[in-house]
Structures are given as structure tokens and as C-alpha cells.
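For reference, the structure discussed in these notes is given below.
Rule-based calculations on the coordinates, nothing more; no lab input. Quick caveat: nothing in here was measured; it's all calculated off a predicted structure. Cβ: placed from backbone, ideal geometry, glycine included. Neighbour counts: every protein chain shown.
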Amino acid sequence: MFSLPDSQDISILDGDYSVLLVVLSVFIACCASYTALFMNQRIQENGFFPKTFWLVLSSVAMGLGIWSMHFIGMSAFMLPVPMENDPVLTIASILPAIIASYIAFDFANKSQQSAIPYSSIGIVIGIGIASMHYLGMAAMKSEAQFYYKPGLFILSIIIAIVVSMVAMYVFATLQKYMGNQLIKIITAILLGVAISSMHYTGMAAVVFYVEGPLKISNHNHIFHMDLSVIVLVAVGILFIIVGLTGVLERFVDYRLKYYDALTLFPNQRQFEKDTNNLKTIGSLSILQIQDLEKWINQYGYVFGDKVIRAVGKILEDKKLHSCKVYRIEGNRFAIYAFNDQRFEKLKGMMENITSNLNEPIQIDDYAIVINTVCAISSSNNKESVMELLSNNLAVLHDPASTQEKNVIEFNPNIHTYNVDRQIVEDIEKAMVNNELFIVYQPKVQSHTKKVSGLEALVRWEHPENGMISPGIFIPIVEAAGNKIFDLTDWIIEHVCRQISQWLHEDIEFEQVSINIPGSYITSSRLYEVITLNLGKYKVDSKYIELEITETSVVHDIKHAITAINKFREIGLSVALDDFGTGLSSLSYLKRMPISTIKIDKSFVDGISNSEKDFAVLKSIIKLSNSLNLKIVIEGVETEEQYNFIHSMEEAPLIQGYYFSRPLTSKEFVNWTNER
Ligand code: C2E
Ligand code: MG
Ligand code: MG
């Protein structure tokens, strides 16, 4: 294996390379590495398919890549004798490559917790790649024989090991940046070059010879071209499968997240998504199944599911094209007409549906009448869809509604009070029962795109009414007196706890701002609560910013200034929120010892269409800049708006859907890692 036979009568064969195929082989190695990295990234995500699925798939991709690189590399090599392959050994040679890739990716994904050093894992992978190569060499059948030059043979294995170690190190340390396309491409090229360099050093170690004189003088490709075609097709198919699996997973994830599995209607999340940014507000109806619990208690959950499906079927059959049905909660459907003019049509449709529901329906052996209540509310283009929803909930909560068999139209004189009272009553329970949670919206520096802080925004998943927007419940709780202070204290404590956890986990966030309602800023209680929590969670004051609004300080500007100064003295930042919506007196900017100004979304909405709007925004920014204020622009949604802001030399911070919606803490960590 490592020396020529003793016989004197041998002819050494000169090999030759087809440059095109060499380039193709390196390219295939890089592509396979890229695909493997792409799939590996999915291991980090919490998708529909289990992590092992992606681990195996990426190992197969990588293994197949190393293997096809080898055979295309071999096809590139030409000898003056014909050559063939042993099919069993050829196929078996893929195994070491797949196993080595599996070990590599498994290690890389656990590297933070793993005590095994990169060097030992590099040795395993290097041996895996080298075994694949030399098994592949052993698969060759020909009248030509070969031996290895020992020095180069050993060198090729050392190269495989060293380069694998480096690649492992690079891959594991860059793991968290794999969301960045450029870094992924660079790592893939590095891995591709690693695999190829081992191969071609290995080839330099081989000396081909025939016993006796050389008969054929034409150079043949060492393998028939069809082999490389087969390999190419195999790799192509693999890429397609990988691509399709990715698309399928995203689709499954989307369906799970935004659709109800029982009725196949879109769910509450989709409802919020669809209705969040509507310019013209339409009409909304809610259909509630009253006696679902009764049916479940009597005949079990499966029967309950059938009741829900039966109602869903009637909705599906009777609904008009211009309406969309959502299952927003266990026993509630939302039916939305996207156009206000359709109110009468929606009402007529719902009347038709309720009259159908008043008839007995056959489920299993029982003919039952499902008891439902239906509320409807239309906007005169002032209310948001969330307000329509809360109007409808007010109808459903009214005790008189439960007896009504027809569609009940929302009437502000009868129904409003109930919702407000209910919210104020329920908020206390919500804090205790973990119905409230906090989401964080990143603020991003417009030039460097670095995250320069987060805003904490509260969310309420009400057990009966579903998600209630803070835009609705905060003003109601605020109007009801002291409960808003309890709620704010609850938020402060949760934010401090979260900050301490992120600091512990080395997550970069810079600062978190907390909305402080109304006159609470001037209360000594707020000061105490903040200092208490900073101490309790060992959080430095520089991590917290308080957001206050103009309207909350305007009544008592003197005390507000004193209070703000007190917070600034202990190191907190203070921001003036929603600048431009209230009294907008520029003089406040000069008088108040704030550190940050948050310019309201309404200033941004028009900048791409109106030069005037852009000029106003620019001058507010110039002024704030001259007062040394940090500037945050709220509600940036589009690329166009971003480009306008990006063109400003002051480089304000941007908070808006363009970069990210508010995220749960877990989503935020994933979002950061993906960037
Ligand atoms: P805010 O303090 O001005 O918060 C910004 C609001 O704008 C958030 O709505 C945020 O989700 C939304 N937003 C951010 N980027 C965009 C965008 O690109 N487009 C659009 N259309 N909207 C965007 P959210 O979370 O619904 O909060 C609404 C308001 O409720 C807040 O306005 C704040 O006044 C109040 N609020 C929210 N959370 C809290 C809280 O924890 N405490 C208090 N006291 N008030 C809160
Ligand atoms: Mg705010
Ligand atoms: Mg704001």
C-alpha cells in the first residue's frame, strides 16, 4: 500500500485534471456545507419537526456533500487506462462522512455545555472525512494499481484533522451569528475548502502504475462521466428536499400558530394580525356558544368538539364572501366584514345563521339545539377593531343578552359600563393568575442597526375575553383610581426580574423602558417601588428608563420636574413618550430634565408622501439633538420610512414593526441570536 512492488517491469502513470470538474467539486462541497449550516440553524429554532430530525438531515446533507465532492473530484482526474467502481464500497464510503458530520453538528449545537475540547472532536471528524476518502479510493477497480506516498498520505489525514478542528471552532463560535447570511456563506466556503484540500492532498499522495509496458496512451476520466452526473442529480434532489422541508415546516408552523385545528378557521392571532393595521374599519360580530360546558360535562370532550364543528359548519356554509370567520376562543367565533357599508349585510347574514342555530342539529344520536348569543357592532370609522371587539364583549357580558335569540346590536348607553367595570374587577386577578405578561419591543439605532434598548409593553390574556389590548384596558384601569399603581408596580417588578435574568445570561439589551401612567411619576410610592426592586434584583439603575407622557405632567409641571430630577440623580433615564400628540409645547423639552424624546408614530406615517411631514420631523429631531436628547422615532413600519430616517445625520433610534413587533422574552432572545 505504501511502496512499489519489487518487480522492475512497471510503468508509472501520469494523471491529469479537468479544471472545470475540480472547480465543480469545490463548489459542491461549499454548497453542501451551506445547506447543512442552513438546516443546522433550524435545530436552534423551536419548529414543528424535532431537533433530531434537522440534526440527521443536516448530517446527511453534509455527508452526501463530502461524498459527492470526492467522486466529482475523482471524475476530474484522468488516467491513460480505463477505470471502474465497486458499487458496494462506493455506497458504503458515504457512511463515515455522515457519521462524522452527525458528531460534528451534535457537538457544535451543544458546545456551550460540552466539556469535550474542539481538538478531540476535530480528530473524530478528520478521521471520518479521511476514511470516506480512502474507502472511496479502495472502491476503484482497474488494471492500474496504486500505492500511497507515506508522507503525503499522513499529511492528508493531518490536514483533514486540523482543518476540521478549525472549522469546528469557527462553526461553534459563530453559531449564534448563523442568521447572518454573509457569515453563513463564509463558514460554508471555509468548510468546503477544508473538505476539498484534504481530498486533493490525498490525491497527491497516490501513485498509479501498471505492471508491464503502458498500452493505452489516451487519458480517460478515472470514472465515467455518468457517475458524476448521478452524483450531481443526487445532490440536486437533496437540495430540493431540503428546500421543500424548510418550506413545509414554515407552513406547518404558520398553520399551527395562526389556525384553529378543530374548525380550520384562522385563530385569534390571525384575527389580530388582519385587523391591526386596517385603514378603514368595518363591522364585527361575535357568536358565542353558551352551553358548551354543559355538553362537555354531559357527553365528553369529543362531543364538545362536534358541537363546535357543527357551529363552524353553519358559519362556513352561510357566510358571505366579503366576511371572514375566525375562531378566537374556545366558544367564540368572530365574523368580520372588512367594509363598513356591509354592516346591514353582516347583520342579515348573522340573523340567518342564528335562525339556523335555533333549529335542532343532529350530533351522534342526539338532536340538540345549541344555545348561542350573537353580538354585532359597527364603527363610524372612529373605533379600532379592538374597540369593536370590546363593544361586542360588553353585549355578551350583559345578563339580559343571555336570553336573546336574535342578533344584538351594541348600544353604548346599555353596554359600555359593564366592560369597564369587568376590566377593573378582573385586573387584580389577572396579576395573581399570570394572565398578564410583558412583551419587549426593540429600539434599533438607525445607522448601525444595533439594539439600543427595549420598551416593556404589557399584555393581558383574559380567560374569557381573550387578548385585550393595553390601548383599551390601561385607560380604563387608569380612570378607576389606584389600581393602575398596583399594575405599574407589578410591571416594574417583572421587568427588574427579567433584566437580572438577561444580565445573568449575557443577553445584550442595553436598557428597558417602562411606561409610567398619569401622575404616578410624582408619587413617592413610585420612587420607593423602583429603588426597592433595583435592590432586590441587584439591577443597576442605568438599565431602566421611565416613559412618561406630556399629558401626565402638564397638570403639575413643578412637581413633575422635581420628581424627574430625583430619578435622574439615581441614574435612571426618563423619556417623554408620544411627543407631538398632546399639547406638544416645545417649551417642555427645554424645561423638563428628560434624557430621551419619543416622537409619535403620527409624525412618521406621512413622511414618504409629504415633504412637509418630513420637514417637520427633521426640525423636531434637529431641535432635540441640539438639546442633547436621545431621540426615538415610534411606529416605523416600512422600508421607505426607514430610508428617510436613515438619511438623517442625527441617527435617531427606531422603534417599529419595520425592525420588530413587541416580542416575548424568549422570542427576543431568538431574534437577537438570529441577527
Ligand atoms: P406607547 O407607550 O406609545 O407604546 C407604543 C405602542 O405602539 C405599542 O402598542 C406598540 O406595540 C405600538 N407600535 C410599535 N411599533 C409600531 C408600528 O410600527 N406600527 C404600529 N401601528 N404600532 C406600533 P401597545 O403595546 O398596544 O400599547 C399601546 C399603549 O398602551 C402604549 O403606547 C402605552 O401608552 C400603553 N401601554 C402599553 N403597555 C403599558 C404598560 O406596561 N404600562 C402602561 N402604563 N401603559 C402601557
Ligand atoms: Mg411608551
Ligand atoms: Mg409611544
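Antiparallel DSSP bridges in the chain: what percent, to the nearest 5? Present the calculation step by step, with values, prior to reporting the outcome.
Numbers: 52 of 78 bridges.
Given both bridge residues lie in the chain, the antiparallel proportion sits at roughly 65 percent.
An ellipsoid equivalent to segment 268-412, defined through the eigenvalues of its Cα gyration tensor, has semi-axes of 26, 15, 14 Å when rounded to whole angstrom and sorted largest first. So what is log10(I(q)/I(0)) for segment 10-257 at q = 0.07, 0.11, 0.15 1/Å, when the Debye sum runs over its Cα atoms only? Results for segment 10-257 at q = 0.07, 0.11, 0.15 Å⁻¹ read -0.25, -0.58, -1.00. Bridgeable lysines around Lys622 (alpha carbons under 30 Å apart, same-chain partners fewer than 8 residues away excluded): Lys443, Lys449, Lys450, Lys542, Lys558, Lys566, Lys590, Lys598, Lys601, Lys612, Lys630.
Let a ≥ b ≥ c be the square roots of the eigenvalues of the Cα gyration tensor of segment 553-624; is it rounded (a/c under 1.5), or, if not, prolate (a/b larger than b/c) or oblate? Since a/c reaches 1.5 and a/b is larger than b/c, the shape of segment 553-624 is classed as prolate.
How high is the FRET efficiency between Glu351 and Val302 when r is their beta carbon distance and R₀ equals 41 Å, given to the nearest 0.05?
Numbers: r = 31 Å, r/R0 = 0.75.
Step by step, r from the Cβ atoms, then E = 0.85.
Helix 385-397 and the longest principal axis of the Cα set of the chain meet at an angle near 60°. Qualifying trypsin sites (Lys or Arg not before Pro) in segment 468-570, where qualification requires a DSSP coil assignment and no more than 11 other C-beta atoms within 10 Å, comprise Lys538.
Would you please name the GluC sites (Glu not before Pro) within segment 358-462 that are DSSP coil residues with at most 15 other C-beta atoms within 10 Å of their C-beta?
Details: sites: Glu383, Glu387, Glu404, Glu409, Glu425, Glu428, Glu435, Glu455, Glu461; in loops: Glu383, Glu404, Glu435.
Those that pass, being in a loop and sparsely packed, are Glu404.
Between Lys382 and Gln145, the modelled label-to-label distance comes to 9.9 nm, taking each label 7 Å out from Cα in the direction of the beta carbon.
Would you work out the charge dipole size for the chain about its Cα centre, treating the Cβ of every Lys and Arg as +1 and the Cβ of every Asp and Glu as -1, and quote it to the nearest 20 debye? Can you show the working numbers first?
Numbers: 54 positive and 70 negative charges, 147 e Å.
In total the dipole reaches around 700 debye.
At q = 0.20, 0.24 Å⁻¹, what is the base-10 log of I(q)/I(0) for segment 382-470 according to the Debye formula with one equal point scatterer per Cα and no solvent? Please give it to two decimals. Here log10 of I(q) over I(0) equals -0.98, -1.19. The shape of the chain can be summarised by an equivalent ellipsoid whose semi-axes, obtained from the alpha carbon gyration tensor, come to 63, 35, 22 Å from longest to shortest. Under 5 Å between amide hydrogens, built in the peptide plane, is the criterion, and for His462 it picks out Met467, Ile468 among residues at least 5 positions away or on other chains. Here segment 432-674 was treated as a single set of alpha-carbon atoms; its pair distances binned every 10 Å from 0 give 7, 31, 37, 21, 3 percent.
Kirkwood Rh and Cα-based Rg: tell me the resulting Rg over Rh for segment 82-174, rounded to two decimals. Can you show the working numbers first?
Details: Rg = 15.5 Å, Rh = 14.4 Å.
Across segment 82-174, the Cα-based Rg/Rh ratio is 1.08.
Inter-label distance, Asp274 to Lys536: 4.2 nm, where each label sits 7 Å from its Cα along the C-beta direction.
Placing unit charges on each Cβ (+1 for Lys and Arg, -1 for Asp and Glu) gives the chain a dipole about its Cα centre, and among Gly535, Ile353, Gly481 the Cα reaching farthest toward its positive end belongs to Gly535.
Going from the fewest other Cβ atoms within 10 Å to the most, the residues Phe27, Phe579 appear in the order Phe27, Phe579.
Rounded to the nearest 500, the 222 nm mean residue ellipticity of the chain from helices alone is -18000 deg cm²/dmol, with -39,500 (n - 2.57) taken per DSSP H run of at least 4 residues.
Ranking Ala615, Val229, Tyr148 by Cα position along the charge dipole of the chain, where only Lys, Arg, Asp and Glu carry charges on their C-beta atoms, puts Ala615 farthest toward the positive end. For segment 241-282, a Kirkwood radius taken over Cα pairs fed into Stokes-Einstein (20 °C, viscosity 1.002 mPa s) yields D = 182 µm²/s.
Fewest neighbouring Cβ atoms within 10 Å first, the residues Thr581, Thr275 line up as Thr581, Thr275.
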